[in-house]
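**Student:** Just passing along the structure, written as structure tokens.
Please treat every number below as a calculation from the coordinates, not as lab data. Given the structure is predicted, the values throughout are model-derived calculations rather than measurements. Neighbour counts run over all protein chains shown; Cβ positions are idealised from the backbone, glycine included.
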Amino acid sequence: MPPEPDVKQPLLEVKGLVKHFHVGGGILGSPGGTVRAIDGIDFTIRRGETLGLVGESGCGKTTTGRCILRLEQPTGGRIVFEGRDITALGEVELRSVRRRMQVIFQDPYSSLNPRMSIGEILAEPLQVHGIVKDKAKRADRVRELLEQVGLLPRHAERYPHQLSGGQRQRVGIARALAMEPSLIICDEPVSALDVSIQAQIINLLEDLQARYHLTYLFIAHDLSVVRHISDRVAVMYLGKMVELADRQALYENPLHPYTRALLSAVPIPDPRMEARRERMVLRGEVPSPLNPPTGCVFHPRCPVAVGRCSAEIPPLREIKPGHWAACHLA
């Protein structure tokens, strides 16, 4: 079993992260532009914790994960992983770093090679990175990985199309575990699964975290799932971080209007409480990241916006101990 990590030391520090995509003009001569997918965000993840990253589709949360993994090259900012700035590393230097950072993708089918058996999928990274050089020992390690995620040794001989969605996602988790990482980025790992299977996968992730002292960045749009698994929660809107807090503080006392709107849309199992509570319905549509609003990016839809909101960008500041929000009125 791995040694107990130093939970006070940040495993990952993201400082002023920016990712812009330049898009060309249309076929009719329309001008190009810049998509501001991530527009200067800051956060840290401590060793052994789970940080939930939530927001609507297109807010930049998946791009954030891809930048941390260096699957996308950041436009600006720094990403410090295990005390090392990885934003300027070349491919050779990144190879050793990527062993320590793994990802579980949203779609458990498209992320697995359909031409490879499950055993080959799990054995490949062990061979490529020289983790287990002996072929017989690799087969033993594959069986061990399958057991850790709740699958049977015979699954090693099957192909992805022969497994259910939940089983395929367990293979994806086993593949991430094979590299013995310290950080796993979970990019909406349960959103493509049935609700009953979602609970099983979440419980598996929690069990593995406790056993191997893993650290998770859990990207999702389902706030009920995030509440169950996360220690802290960060909320993004249109490329900006708008709130960051401990799970209990954020769900019980959200400070940003956008967070309050998201939480008001989460169903409550008790029908009497559901009927009594006040819903916060946002007007309009999410603005285009090609042409974001001036000032606070949320002000065109905000029910409490004032004149200052359209003119000044609110900084992400600590309103209460450990509770950060980017709102002039918080």
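**Student:** Do the sum for the chain: with -39,500 (n - 2.57) for every DSSP H run of n ≥ 4, divided by all residues, what is the mean residue ellipticity at 222 nm, to the nearest 500 deg cm²/dmol?
**Tutor:** Roughly -9000 deg cm²/dmol at 222 nm, from the helical runs in the chain.
**Student:** Still on this model: Taking the Cα centre of the chain as the origin, how large is its charge dipole in debye, to the nearest 20, when only Lys and Arg (+1) and Asp and Glu (-1) carry charge on their Cβ atoms?
**Tutor:** The calculated dipole for the chain is roughly 220 debye.
**Student:** Separate question: Between Val171, Val233, Val97, where does the largest GNM mean-square fluctuation fall for the chain, given springs only between Cα atoms within less than 10 Å?
**Tutor:** Looking only at Val171, Val233, Val97, the largest GNM fluctuation is found for Val97.
**Student:** Work out from phi, with θ = phi - 60° and the Karplus expression 6.51 cos²θ - 1.76 cosθ + 1.60, the ³J(HN,Hα) of each residue of the stretch 49-55, listed in order in whole Hz, and give x for Gly and Pro.
**Tutor:** Calculated HN-Hα couplings, in order: 9, 10, 9, x, 10, 10, x Hz.
**Student:** Please work out the C-alpha center-to-center distance from the stretch 281-330 to the stretch 157-182 and express it in whole Å.
**Tutor:** Centre-to-centre (Cα) distance: 40 Å.
**Student:** Same structure, new question: Under the Karplus relation 6.51 cos²θ - 1.76 cosθ + 1.60, θ = phi - 60°, what is the ordered set of whole-Hz ³J(HN,Hα) values for the stretch 82-90, x standing for Gly and Pro?
**Tutor:** The phi angles translate into 6, x, 10, 6, 9, 5, 9, 6, x Hz.
**Student:** Moving on. Can you sort Val103, Val195 from fewest to most other Cβ atoms within 10 Å of each residue's own Cβ?
**Tutor:** Ordered by Cβ neighbours within 10 Å, fewest first: Val195, Val103.
**Student:** Mind running the shape call on the stretch 152-203? Use the C-alpha gyration tensor, a ≥ b ≥ c as the square roots of the eigenvalues: rounded below 1.5 for a/c, prolate if a/b tops b/c, oblate otherwise.
**Tutor:** Because a/c hits 1.5 or more and a/b fails to exceed b/c, the stretch 152-203 counts as oblate.
**Student:** I need the per residue convex hull volume for the chain, using only the alpha carbons, in cubic angstrom as a whole number.
**Tutor:** 168
**Student:** Under a 5 Å amide H to amide H cut-off, with H placed in plane at 1.01 Å, what residues pair with Ile185 once short-range neighbours are removed?
**Tutor:** So Ile185 has HN proximity to Gln102, Val103, Ile104, Leu217.
**Student:** Just to be sure I follow the rule: in the chain, considering lysines 8 or more places apart or on different chains, how many pairs have Cα atoms under 27 Å apart?
**Tutor:** Lysine pairs meeting the criterion: 11.
**Student:** Karplus couplings for the stretch 234-244 from phi (6.51 cos²θ - 1.76 cosθ + 1.60, θ = phi - 60°), rounded to Hz, Gly and Pro as x?
**Tutor:** Rounded to whole hertz, the list is 10, 10, 10, 8, 6, x, 10, 8, 9, 7, 8.
**Student:** Starting with the fewest neighbours, write out Ile38, Ile118 ranked by other beta-carbon atoms found within 10 Å of each beta-carbon.
**Tutor:** Ile118, Ile38
**Student:** Turning to a different aspect of this structure: How many percent of DSSP beta bridges within the chain run antiparallel, rounded to 5?
**Tutor:** If I count the DSSP bridges inside the chain, around 60 percent turn out antiparallel.
**Student:** Tell me, Ile313, Ile219 in order of fewest to most beta-carbon neighbours within 10 Å?
**Tutor:** Ile313, Ile219
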